[in-house]
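Novice: Before I ask anything, here is the structure I am working with.
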């Protein structure tokens, strides 16, 4: 466990709903609850992993935290300051502290700018450096992420996926942030490159004292990099625990099913493993089930799961889960 | 082999990599920017290069051509009316005894000025209007695009005739009328491009870095629509030139003794049976210009399309 317990970022009942207008004059409003009532704390210097299947709201949560989307409800508290209601200008100083690394290394770099300009853009926006000083900072950043200063005059299409992701990391580091949202930074890379990028992220964390929110769907990679792991299902956080505890003994039935899907490299052990196959598909987030959102696919579902939304509460010391039956099934 | 563990391999089996191997990782190929690549592919296309040369030639002729000729566009030689092409008058003279060559060159000035105006309007109003509309989206987009629809639905001739009532006939009315509507198509194209580009992660990244709207539009979105923008401009220039020629032809353009290609053609109409060459030369100038711009536009479209890259 982390020795440092100072909270850097706190989410209180964070909600992000998307509204769609149907009909000619928008008279029929449908609401998609992409992130619904998520509360968590991220401590200084730790890596919080966030897992869940596609479309469960992981990326939306990450983007809402750094306020790329307007917050529908709840609070984002960064280092003791409520940043939820800040407008673009008031947000500018926080843009230097909160940064993001994106999923797709091909779409996240502007193909019409040189690598030097891409990395230099945050320096221009925040007026950090110009002229030869700017150049020097860009070269330092390139070296830091394992590229060379010659690369500064080249264009993104001349680089491989892994190198592009390094450029994206260098851009995020240019403002010397404290907190970085890594939005599936490795899922678009092949396995050997994934390891390189993850090691780079770990080295940078050690060197610069960074705090990460690491969003991914590769469960074993998340276990490797994270101190604590949160599991999301249909816009809600269903379980949050220290990563070893979560992987050794998941409490929530959804986490159990999710972890049973992790392949084991040893064929002998893999044969003994029991996989929990969930029935059905993920319900639509536009029209989620009443009560517990997982109840339609849960083996243990009872009457209470239909009636009440389970509270996200401490089930064991340091472990949170949102399930009515958490004591009964474990 | 399968059971060999890494620890079993003795350390002396490892050798440092020779320097020649290291060199392989250095970048040898010179950096080629996107535009260098486009230029290279454009040069491969013979029709497009021909079009480009013709346009440059026309520009030079329009600017310097009248200096080469001893006559002015309004000089009349009453004893030499309706002459065919000769050494003295390269394109012959018209029914009023004026040198057609010089008058075609002056016409080129007007046509190219119209083309220049159309491209400036396209690149400023059209690009910014479309960019803003697409980037803000939602209600702003809706209102801005309905205004565009309004402009689009009124025919150009109506604008010109109405403006003429106020300003009187002449080049000014044509310029204002063209300026009013020639950005509309560009605005639509840029809006469509921006709508799809603004969801891309590099725009999100710029926003996460704190870039303001102006920066995102001018540094990120518009440079990424440069391909369609250039194509639309090169396709719109000949359209504008042709519109001016058409308006002058039906008598809504420049007034005598100034010459534009449309007006020259119109003047030649009554005497088409006896002096066909008077119509031939301005008509040829219009056709060659149209072809040159369309060739170049086609070539640029191919050159800017990365899918056709070899």
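Novice: Being modelled with pLDDT of 90 or more and over 21 Å from residue B:118 (Cα atoms) is the filter here; which residues of the range B:132-156 pass it?
Specialist: Residues satisfying the conditions are B:134, B:135, B:136, B:140, B:141, B:142, B:143, B:146.
Novice: Consider the range A:119-160. How many of its residues are out of contact with any strand residue (DSSP E or B) (no Cβ under 9 Å at 6 or more places or on another chain), within 14 Å of chain B (Cβ to nearest Cβ) and under 26 Å from residue B:212 (Cα atoms)? So that I can check it myself, show each step before the final result.
Specialist: Residues of the range A:119-160 that are out of contact with any strand residue (DSSP E or B) (no Cβ under 9 Å at 6 or more places or on another chain), as a first pass: A:119-121, A:123-160.
Then keep just the ones that are within 14 Å of chain B (Cβ to nearest Cβ); that gives A:119-121, A:123-128, A:141-142, A:146-160.
From what's left, under 26 Å from residue B:212 (Cα atoms): A:119-121, A:123-128, A:141-142, A:152-157.
Looking only at that region, the number is 17.
Novice: Taking only the range A:140-195 into account, find how many residues are part of a loop (DSSP other than H, G, I, E, B) and in contact (Cβ under 8 Å) with a residue 40 or more places away in the chain.
Specialist: So the count comes out to 15.
Novice: With the requirement that a residue be outside any helix (DSSP H, G or I) and under 20 Å from residue B:221 (Cβ atoms), what does the range A:56-104 give you?
Specialist: Listed by number, the residues that qualify are A:68, A:69, A:100, A:102, A:104.
Novice: So, residue B:137, is that one touching a residue at least 40 places away in the same chain (Cβ under 8 Å), within 14 Å of chain A (Cβ to nearest Cβ) and either closer than 30 Å to residue B:257 by Cα or over 26 Å from the mean Cα position of the chain (by Cα) (or both) or not?
Specialist: Numbers: touching a residue at least 40 places away in the same chain (Cβ under 8 Å): yes; within 14 Å of chain A (Cβ to nearest Cβ): yes; either closer than 30 Å to residue B:257 by Cα or over 26 Å from the mean Cα position of the chain (by Cα) (or both): yes.
Judged against the criteria, residue B:137 is a match.
Novice: Can you tell me which residue in the range A:170-183 is surrounded by the fewest Cβ atoms within 10 Å (Cβ to Cβ), limited to those that are more than 11 Å from chain B (Cβ to nearest Cβ) and either closer than 21 Å to residue A:43 by Cα or touching a strand residue (DSSP E or B) at 6+ places or on another chain (Cβ under 6 Å) (or both)?
Specialist: Checked the range A:170-183; the qualifying residue surrounded by the fewest Cβ atoms within 10 Å (Cβ to Cβ) is A:176.
Novice: Which condition number in (1) closer than 18 Å to residue A:89 by Cα; (2) at the interface with another protein chain (Cβ under 7 Å from one of its Cβ atoms) is the one that residue B:223 fails?
Specialist: (1)
Novice: Still on this structure, please answer the following. So which of B:146, B:191 is away from chain A (no Cβ under 14 Å), part of a helix (DSSP H, G or I) and surrounded by fewer than 18 Cβ atoms within 10 Å (Cβ to Cβ)?
Specialist: B:146 is the lone residue from the list that is away from chain A (no Cβ under 14 Å), part of a helix (DSSP H, G or I) and surrounded by fewer than 18 Cβ atoms within 10 Å (Cβ to Cβ).
Novice: Of everything in the range A:228-242, what is at negative phi, touching a strand residue (DSSP E or B) at 6+ places or on another chain (Cβ under 6 Å) and crowded, with 19+ Cβ neighbours inside 10 Å? Give them in sequence order. Spell out how you get there, then give the answer.
Specialist: First pass over the range A:228-242, keeping only residues at negative phi: A:228-233, A:236-242.
Subset that is touching a strand residue (DSSP E or B) at 6+ places or on another chain (Cβ under 6 Å): A:228-231, A:236-242.
Of everything in the range A:228-242, those that are at negative phi, touching a strand residue (DSSP E or B) at 6+ places or on another chain (Cβ under 6 Å) and crowded, with 19+ Cβ neighbours inside 10 Å turn out to be A:228, A:229, A:230, A:231, A:236, A:237, A:238, A:239, A:240, A:241.
Novice: Going by what's in this entry, would residue B:238 be described as within 14 Å of chain A (Cβ to nearest Cβ), more than 26 Å from residue A:103 (Cα to Cα) and under 22 Å from the mean Cα position of the chain (by Cα)?
Specialist: no
Novice: State whether the residues of the range A:190-200 include one that is under 15 Å from the mean Cα position of the chain (by Cα), more than 17 Å from residue A:119 (Cα to Cα) and either within 14 Å of chain B (Cβ to nearest Cβ) or buried (at least 23 other Cβ atoms within 10 Å of the Cβ) (or both).
Specialist: Within the range A:190-200, the first condition is being under 15 Å from the mean Cα position of the chain (by Cα), and the residues that meet it are A:198.
Narrowing the set further to residues that are more than 17 Å from residue A:119 (Cα to Cα) leaves A:198.
Among the residues that remain, those that are also either within 14 Å of chain B (Cβ to nearest Cβ) or buried (at least 23 other Cβ atoms within 10 Å of the Cβ) (or both) are: none.
No; the residues of the range A:190-200 include none that is under 15 Å from the mean Cα position of the chain (by Cα), more than 17 Å from residue A:119 (Cα to Cα) and either within 14 Å of chain B (Cβ to nearest Cβ) or buried (at least 23 other Cβ atoms within 10 Å of the Cβ) (or both).
Novice: Can I ask one more? Has the range A:61-72 got at least one residue that is crowded, with 16+ Cβ neighbours inside 10 Å, within 8 Å of another protein chain (Cβ to nearest Cβ), touching a residue at least 60 places away in the same chain (Cβ under 8 Å) and touching a strand residue (DSSP E or B) at 6+ places or on another chain (Cβ under 7 Å)?
Specialist: yes
Novice: Can you find a residue that is in a helix (DSSP H, G or I), closer than 20 Å to residue A:240 by Cβ and modelled with pLDDT of 85 or more anywhere in the range A:306-325?
Specialist: No, that holds for no residue.
The values are calculated or read from the model by the stated rules, or taken from the named source; none is laboratory data. No experiment lies behind these values; they were computed from the predicted model shown. Counting neighbours? That spans all protein chains shown, and the Cβs are built from the backbone with ideal geometry, glycine included.
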